[in-house]
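Reviewing the structure listed below.
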Amino acid sequence: MWSVEKNEEVFGRCSNHNWHGHNFTLYVTVKGIPNPDTGFVINLKDLSQIVKDEIVEVLDHKNLNLDVPFLKDILPSTENMVICIWDRLVEPIRSSGGEIAKIKLVETENNYVEYWGDGEPF
């Protein structure tokens, strides 16, 4: 655990003993071959439900440091969160016929992370 001074040095205003919060926006881009019967790679209604069940319901109004099992022992930076979100969505999206191409997690209008799941640096 870092000292108060070290936290302030590294995280600035985001270093707050009463925690810190954001309203994130998540974009999930899928790829694949459209189904000839529907024209869909994945039905967007299904994609929306997957994201709601796997991500929104788990993260919304939660303390990311304390309340989210898949972020346990992980510093919930936007970079780390987008990797964990990718990992949670891969299989449900694949089961519905698609593949994740990219995830974009927006923290503020000027701060966001895009991840392509390739393990490469951001």
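The values are calculated or read from the model by the stated rules, or taken from the named source; none is laboratory data. The structure displayed is predicted, hence computed values, not measured ones. Cβ coordinates were reconstructed from backbone atoms using ideal geometry, including for glycine residues, and neighbour counts include every protein chain displayed.
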Are there any pairs with C-beta distances below 8 angstrom linking a residue in region 32-47 that is in contact (Cβ under 8 Å) with a residue 12 or more places away in the chain to a residue that is surrounded by fewer than 16 Cβ atoms within 10 Å (Cβ to Cβ) and basic (K, R), with the two at least 6 apart or on different chains, and if so which? V41/K31
Please tell me if E120 is surrounded by 14 or more Cβ atoms within 10 Å (Cβ to Cβ) and at pLDDT below 95. no
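Would you call K104 among the basic types (K, R) and in a strand (DSSP E or B)? Give the derivation first.
Values: among the basic types (K, R): yes; in a strand (DSSP E or B): yes.
Yes: the conditions hold for K104.
Output the number of residues of region 74-90 satisfying the condition of being hydroxyl-bearing (S, T, Y) and outside any loop (DSSP other than H, G, I, E, B). Can you show your working first?
To start, the set of residues in region 74-90 that are hydroxyl-bearing (S, T, Y) comprises 77-78.
Restricting the remaining residues to those that are outside any loop (DSSP other than H, G, I, E, B) gives 78.
The number of residues fulfilling the criteria is 1.
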Is one or more of the residues making up region 19-38 out of contact with any strand residue (DSSP E or B) (no Cβ under 9 Å at 6 or more places or on another chain), surrounded by 11 or more Cβ atoms within 10 Å (Cβ to Cβ) and in a helix (DSSP H, G or I)? no
Pairing a residue in region 62-73 that is closer than 12 Å to C84 by Cα with any residue that is of a type in the set (K, R) and not in a loop (DSSP other than H, G, I, E, B), where Cβ atoms lie under 9 Å and the two sit 6 or more apart in sequence or on different chains, gives F70/R88
Across region 48-73, what is the total count of residues that are assigned to a helix (DSSP H, G or I) and surrounded by 12 or more Cβ atoms within 10 Å (Cβ to Cβ)? 13
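Being surrounded by 14 or more Cβ atoms within 10 Å (Cβ to Cβ), more than 14 Å from the chain's Cα centre (by Cα) and more than 18 Å from W116 (Cβ to Cβ) narrows it down to one of P76, P92, so name that one. It would help to see each step written out before you state the result.
Details: P76 fails: more than 14 Å from the chain's Cα centre (by Cα).
None of the other options fit; the residue is P92.
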